[in-house]
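Visitor: Once you've had a glance at the structure underneath, I'll fire off some questions.
The values are calculated or read from the model by the stated rules, or taken from the named source; none is laboratory data. Everything numeric in this text was worked out from a predicted model, so none of it was measured. Using ideal geometry, Cβ is built from the backbone for each residue, glycine included, and neighbour counts are taken over all protein chains shown.
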Amino acid sequence: MPIFLARLLARISTWWTPVLVLAVVFVTSWPLMTLAEPGADITSPGNFWWWFVVTSSTVGYGDLFPRSPAGHLVGVYVIVGGIAALTTLFTRLATRIERTRGRRMHGSITVRLSGHVVLLGYSPGRTETMVDELSADGTKVVVCAWDEVQSHPMPEKDVEFVRGALTDERTLARAGVDRAHSVLVDARDDNEALAVALTADHVITTAHLVVALRDLARVRQVRYVGEKIRCVQWHTPHMITEELRDPGISEIYAQLMTHGGADTYSVPLTVGPVTVEHCQTVLGRHHGATLLAARDGAALLVNPPWQAELNAGTILYYMGSARLDAARLALSLGAPASR
């Protein structure tokens, strides 16, 4: 009987239905109990509301209870009403949770985040790698994919999923592109990347827009979409994630790899031991260069600590405007650095 009532109420109920049912049962059961057991302690206002709560919730402490058969019938009425109301409430809660989970799995949610990173496009394996790198420092990530990705590709991760046409501004709005910190266009080909970038540029307000291109010769076409769009080689996912976290860093990489800019060189250290601090100071003050790394035998130290000592024979890797020969560097290192 309670299950039948619960199912009937679930079909016609709102969130207020359980409250209404309990209110009706309370208002009708009190006078019925007063008629069934006139003058009993259970019928006093201070006692009846307590008995009603513990009975309708099926707890039943036993401190108050009806003694007559008619009172027992009223008790059954309260128990049935309580079970029906609570079952209806729990059914609605379970339905809401399952519906929310289903919407998350199928990408039909609207993201409420801000300051997050949005990845427009999904490639199995590649996208998971970028998500792991971005999430490592606590960055919130939203993956927005075409309709062909029918369910959340990584439900075990703390990643939101939005599904739809990436050239539809409404899909990008659901992914929170207008409130994002950075947005990556990681399309299936460069033509698609241009189309998605055009849509994203219309939706973005302050976000840093990055486009992964297989052919960097098409950068000029992307520039027609937006001059501030940063283009990164598609085959370098680690550089892409660094650009998303720290806008402008890919340009530094590009400068380091471009002839005629601040190039990278190596030179053997013929004196030693000397500290990294002394090498860094001499390179900077006397030669306008910056020490990047040092190789001592098989060990490579990238961004070595200043207190570390470098022995003769160590290879120094530095960034500068010109190549240094070993003798010139040794001469500079032989004199104490000026302060």
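Visitor: Give me the pairs, please: first residue somewhere in the stretch 192-215 and closer than 11 Å to R230 by Cβ, second residue anywhere and of a type in the set (S, T, Y), beta-carbon distance under 6 Å, and either six or more positions apart or on two chains.
Guide: H208/S182
Yes/no matrix, rows are residues, columns are (1) modelled with pLDDT of 85 or more; (2) over 26 Å from W306 (Cα atoms); (3) surrounded by 14 or more Cβ atoms within 10 Å (Cβ to Cβ):
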site: D215; (1), (2), (3): yes, yes, no
site: T236; (1), (2), (3): yes, yes, yes
site: E243; (1), (2), (3): yes, yes, yes
site: Q255; (1), (2), (3): no, no, no
site: V267; (1), (2), (3): yes, no, yes
site: V276; (1), (2), (3): yes, no, yes
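Visitor: Could you list all residues from the stretch 302-315 that are part of a strand (DSSP E or B) and in contact (Cβ under 8 Å) with a residue 24 or more places away in the chain?
Guide: Passing the criteria: E309, L310, I315.
Visitor: If you take just the helices (runs of 4 or more DSSP H) that sit entirely in the stretch 192-301, which of them hold at least 1 residues that are under 28 Å from S135 (Cβ atoms)?
Guide: So the answer is 219-225, 237-245, 249-256.
Visitor: If the requirement is being in a helix (DSSP H, G or I), over 18 Å from V203 (Cβ atoms), modelled with pLDDT of 90 or more and polar (S, T, N, Q), which of these qualifies: T127, T139, T171?
Guide: T127
Visitor: Quick check on L120: is it within 24 Å of M239 (Cβ to Cβ), surrounded by 19 or more Cβ atoms within 10 Å (Cβ to Cβ) and over 12 Å from the mean Cα position of the chain (by Cα)?
Guide: When the stated conditions are applied, L120 passes them.
Visitor: If you check E156, E227, E160, which single one turns out to be of a type outside the set (A, V, I, L, M, F, W, C), within 23 Å of P124 (Cβ to Cβ) and free of Cβ contacts under 8 Å to residues at least 12 places away in the same chain?
Guide: Matching residue, one of E156, E227, E160: E156.
Visitor: Please work out which residue is surrounded by the fewest Cβ atoms within 10 Å (Cβ to Cβ), limiting yourself to the stretch 290-307 and to residues that are of a type in the set (G, A, S) and at pLDDT 90 or above.
Guide: Filtering first and then ranking leaves A293.
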